[in-house]
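Notes follow once the structure below has been shown.
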Amino acid sequence: MSTASNRPMGLLTNRMPFEGMSNLQAAYAAAFKQERPGIPDGISPSLAFIVQSCWVEDPNMRPSFSQIIRLLNEFILTPSSSSSSSSA
């Protein structure tokens, strides 16, 4: 089972983030070593920005849920982003 913060990467890559690590190892790597899964090649820079902004160490600097929804809606409604994401 993956943690909530790792699920979006699984949706983008169709792979488990931190593959080869137990949940405890992955949580430790993320919390104490500030490790994050890699952003796959071919991911739109706009989408990569959204994902990476959710990984900011300071929770006060992360986007709120409503901001994430707004960013995702902008991403979906931007014609160039839909052509980029379909090639991934």
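The values are calculated or read from the model by the stated rules, or taken from the named source; none is laboratory data. Since this is a predicted model, take the numbers as computed values, not measurements. Here Cβ is always computed from backbone atoms with ideal geometry, including for glycine, and neighbour counts include all displayed protein chains. Areas reflect the complete protein model, heavy atoms only, side chains present, ligands, DNA and RNA absent. Shrake-Rupley method; radii C 1.70, N 1.55, O 1.52, S 1.80 Å.
If you go through the stretch 48-58 and keep only what is within 8 Å of the chain's Cα centre (by Cα) and of a type in the set (A, V, I, L, M), you end up with 48, 50, 51. Set side by side, the residues 82, 46 differ, and just one is at pLDDT 90 or above, in a helix (DSSP H, G or I) and open to solvent by 50 Å² or more (accessible area, probe 1.4 Å), which is 46. Contact annotation: residue pairs with Cβ atoms under 7 Å, 6 or more positions apart or on different chains, pairing a residue in the stretch 49-68 that is without any contact (Cβ under 8 Å) to a residue 24 or more places away in the chain with a partner that is among the small types (Gly, Ala, Ser), are 62/53; 63/53.
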